[in-house]
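The values are calculated or read from the model by the stated rules, or taken from the named source; none is laboratory data. On a predicted model such as this, the values are computed, not experimentally measured, just so you know. Backbone-built Cβ (ideal geometry, glycine too); neighbour counts: all protein chains shown.
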Amino acid sequence: MILPIGAKNFEEAMQMGSETYHHLKDIIWEKYGSDSCNIGDDGGFAPNISSITEGLDLVIAAIDRAGYNGRIKLAIDAAATDFCVGKKYDLEFKSAKKSGQNFKTGDDMIEIYSQLCSEYPLVSIEQPFDKDDWEHSKKFTTLELCQVPIVLFIFYLLSGAHAIMHLQVVGDDLLMSDPERIKRAVNEYTCDALTLKASQVGTVTEAIEAVKQAKDAHWGVMVSHRSGDTDDSFIADLAVGAAAGQIKAGAPCRGECLTKYNQLLRIEEEFGSEGVYAGENWRTTAS
Ligand SMILES: C=C(OP(=O)(O)O)C(=O)O
């Protein structure tokens with residue numbers, strides 16, 4: 001996923017995201033052929049890549065070709081519950097020819113994520129471990145991985161702003177937008193942001209309660225669509241109303257994704273000069 005945090009407003013963010021998406025399509029077409037440009041549930045491409053870094057390199061190349069170097073950061077939704085087998089993580093879970101050799105422990109996964117964080121402009125990882133792997137979620141979140149240069153890091157420490165600089169660890173399945181699980185995650189520090197799925201929590205009232213819990217803990221809030229979503233745009237209003245600062249609604253293609261982004265454009269237009277695009281403050285708007 002990409003975060004166009006260097007945009008001046010949502011309209012520009014949308015332009016940056018769309019241009020990057022279309023450059024990504026060209027790059028994938030050139031390298032893997034047109035079949036690889038078929039899109040999945042969330043509007044993303046799924047070329048036959050053989051490593052995590054191969055995928056990230058494609059996105060970096062697209063950002064570069066679109067001319068947005070330094071203005072767009074990266075995020076990953078690992079959705080690790082999907083490839084957790086027992087207590088291990090099967091990195092070949094998508095392959096038909098499984099060798100059985102690519103199982104990783106929770107500690108191995110921490111190593112992998114840490115390495116990615118040091119090599120890429122990665123600012124957020126969602127669901128890096130299984131939904132019940134509280135142990136590694138805690139171990140990883142507590143690391144507070146930071147990718148800013150050391151000189152800048154010291155400056156941020158001195159200015160008291162260091163809390164926003166480390167990698168955001170987002171709880172999706174770990175929390176299930178459930179108040180009891182959020183409470184446990186806050187107490188144990190097993191993540192520091194909430195994926196908010198209104199259709200998962202059930203009612204708008206409960207969704208607002210979950211946002212309050214997250215804000216009280218000074219967490220980030222990422223309002224999210226669902227796989228196979230409809231063309232309902234309500235989550236755009238929810239994200240603005242909750243001052244979430246973050247929304248995840250898929251790639252800028254197909255009606256069910258675009259309807260959310262179009263609603264955000266309309267909201268921004270309605271607010272006019274009073275509208276505030278979260279931009280660099282994407283994590284702190286929630287507190
Ligand atoms: C679409 C998502 O979730 P789900 O599969 O639970 O709908 C997501 O987390 O990006």
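A few comments on the model shown:
- Checking the stated criteria, residue 227 turns out not to satisfy the condition of being within 15 Å of the ligand (Cβ to nearest atom), assigned to a helix (DSSP H, G or I) and small (Gly, Ala, Ser).
- Picking from residues in segment 230-260 that are within 18 Å of residue 46 (Cβ to Cβ) and away from the ligand (no atom under 14 Å from the Cβ), the one that is modelled with the lowest pLDDT is 253.
- Filter result (of a type in the set (Gly, Ala, Ser) and within 17 Å of the chain's Cα centre (by Cα)) within segment 215-267: 220, 224, 227, 236, 239, 243, 244, 245, 249, 250, 251
- Among all residues of segment 197-218, there is none that is closer than 25 Å to residue 16 by Cβ, within 16 Å of the ligand (Cβ to nearest atom), crowded, with 21+ Cβ neighbours inside 10 Å and not assigned by TED's automatic domain parsing to the domain that holds residue 62.
- Exactly one residue out of 227, 199 is in contact (Cβ under 8 Å) with a residue 60 or more places away in the chain and within 21 Å of residue 79 (Cα to Cα), and it is 227.
- From 86, 6, 67, residue being modelled with pLDDT of 95 or more, more than 16 Å from the ligand (Cβ to nearest atom) and on the phi > 0 side of the Ramachandran plot: 67
- Residue match in segment 25-37 (condition: small (Gly, Ala, Ser), outside the structural domain of residue 255 (by TED's automatic domain parsing) and part of a loop (DSSP other than H, G, I, E, B)): yes
- Selection of segment 235-266 for residues being more than 28 Å from residue 24 (Cα to Cα) and in a helix (DSSP H, G or I) yields 237, 238, 240, 241.
- Of the residues 261, 277, the single one that is in contact with a Pro (Cβ under 7 Å, 6 or more places away or on another chain) and not assigned by TED's automatic domain parsing to the domain that holds residue 7 is 261.
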